[in-house]
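The values are calculated or read from the model by the stated rules, or taken from the named source; none is laboratory data. No experiment lies behind these values; they were computed from the predicted model shown. For neighbour counting, all protein chains shown are included, and Cβ atoms are generated from backbone atoms with ideal geometry for every residue, glycine included.
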Amino acid sequence: MDNIIGYRESSTSQNEPENNWRRYFSFSTDHKVIGVQYMVMSFIFFLVGGLLAMVIRAKLITPQSNVVDRPLYNGLFTLHGTIMIFLWIIPFNAGISNYLVPLMIGVRDIAFPLLNAISFWMIPPRGILLLSSFLLPNGTAQSGW
Amino acid sequence: MHTLPKSEPAYAVASDDKRKPASETIEVFVKQWDWSFRYPNNITGDELHLPVNLRTPLNMHAKDVLHSFYVPEFRLQQYIMPGPNINLIVTPKHIGRHRLKDALFKGTYFTLMGANIQVESLEEYNQWLTKTEKEPKMRKNQALAEYSQSPKTWFKTGWYTVVPYQRAIGRSALPTAVSKENT
C-alpha cells in the first residue's frame with residue numbers, strides 16, 4: 001500500500017491533479033477526462049442532429065413542401081444522417097470505451113495518451129466544418145441517406 | 001419450424017422465352033426527372049401501357065445519369081445506363097394499374113418522377129394506341145413546372161439544382177451515341 005501511495009505522489013508522476021474542472025475544457029491526456037469530453041461533445045451534436053430531424057418532421061406535417069424547399073430538405077436529411085452516425089454514435093462509443101476500458105483491464109492510461117487527446121480534438125472542428133456547409137452558396141451535400 | 005407466409009406472386013416475369021408470342025417494342029426514355037414512352041408508329045405518351053401475357057421488349061434509354069426501371073408489383077428492376085440501349089423483355093401476368101418508380105435517388109425533384117403502368121388486354125391496348133394517336137395526351141412535366149415557379153416556403157435557399165429537361169420524346173430524346181447507331 002505504501003508503495004502505491006508513494007508512486008502516486010512521486011515527483012516524476014505524470015498524473016494530472018484531479019481537483020481541477022478546467023481540465024475538462026483543455027487539452028488533457030487523462031483517459032477519463034477524454035472519455036467525458038467525448039461523451040459531452042457527442043451529446044451536443046446529438047441535439048444538433050435532433051434539431052435537423054425536427055425540421056424534417058415539420059416539413060412532413062403537410063404533404064406540400066411549405067417549410068423548406070426541396071434542395072434544403074435533401075440537405076437536412078443528408079446532414080442529419082451524417083451527424084447522427086459520425087458525430088453521435090461513433091464518438092459516444094469512443095467516449096465510453098476511453099473511460100471504461102483502462103479501468104476494466106487495470107492500467108493507468110491508454111497507450112499513446114497524447115494521440116488519444118489529439119484524436120478527440122479533431123472531432124469538434126470536423127463537426128463545425130460539416131455544419132458550416134449550410135452557409136455555402138450551393139448548399140450542403142444532398143445525396144440522401 | 002415456422003412456415004413462410006404466402007407471398008403475392010410477381011405480376012410479371014422477365015423472360016426471353018421464344019415460344020411465347022411477342023408484342024411490339026416500346027421505347028422508354030428517362031431523364032432527370034421524367035419518364036416518357038414511344039410506341040410503334042411514333043405514338044408517344046407518358047404512360048406505359050402493356051398488353052397482358054405477351055412478351056413486350058422494352059428498349060430503354062437514359063439521357064443523363066444512371067436510372068433504374070423499377071415496378072414493385074412486377075418484382076423487376078433494371079438499371080438504365082446512359083449510352084447503350086438497355087433491353088428488358090417483360091411479360092405481365094395480371095391486368096392492373098401500377099406505378100413505375102425510379103429506384104435510384106437522384107436529387108431535387110426525384111419525388112415528382114414516376115409514371116403509371118397500365119396492363120390491359122390486347123384489344124384495350126390497341127384501342128388506347130389508336131386513341132392516343134388521334135389525340136396525344138401529355139401531363140405537364142411537374143419538375144419543370146416547379147423549377148420555373150417554385151412553391152412558397154418559409155425557408156428558401158435557392159441552392160443549385162440540375163435544370164429539368166424540357167419534355168422531348170423521339171429522336172431528339174435519344175442520347176447522341178445511340179442515335180448514331182440507329183441512323
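At a glance:
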| item | result |
| --- | --- |
| Some residue of segment A:66-79 being within 14 Å of another protein chain (Cβ to nearest Cβ), of a type outside the set (V, I, T) and part of a loop (DSSP other than H, G, I, E, B) | yes |
| Selection count where residues are assigned to a strand (DSSP E or B), closer than 23 Å to B:S121 by Cβ and either within 14 Å of chain A (Cβ to nearest Cβ) or touching a residue at least 40 places away in the same chain (Cβ under 8 Å) (or both), scope segment B:86-106 | 8 |
| Residue count, segment B:138-162 (criterion: surrounded by 12 or more Cβ atoms within 10 Å (Cβ to Cβ), away from chain A (no Cβ under 12 Å) and assigned to a loop (DSSP other than H, G, I, E, B)) | 3 |
| Residue within segment A:115-137 that is over 18 Å from the mean Cα position of the chain (by Cα), within 14 Å of another protein chain (Cβ to nearest Cβ) and assigned to a loop (DSSP other than H, G, I, E, B) present | yes |
| Residue count for segment A:15-48, restricted to those that are assigned to a loop (DSSP other than H, G, I, E, B) and crowded, with 16+ Cβ neighbours inside 10 Å | 3 |
| Residue, surrounded by the fewest Cβ atoms within 10 Å (Cβ to Cβ), within segment A:49-65, restricted to residues that are more than 10 Å from chain B (Cβ to nearest Cβ) and more than 21 Å from the chain's Cα centre (by Cα) | A:P63 |
| Residue, surrounded by the fewest Cβ atoms within 10 Å (Cβ to Cβ), within segment B:107-137, restricted to residues that are within 14 Å of chain A (Cβ to nearest Cβ) and within 16 Å of the chain's Cα centre (by Cα) | B:T111 |
| Set B:K93, B:K156: member being more than 30 Å from A:S133 (Cβ to Cβ), charged (D, E, K, R) and at pLDDT 80 or above | B:K93 |
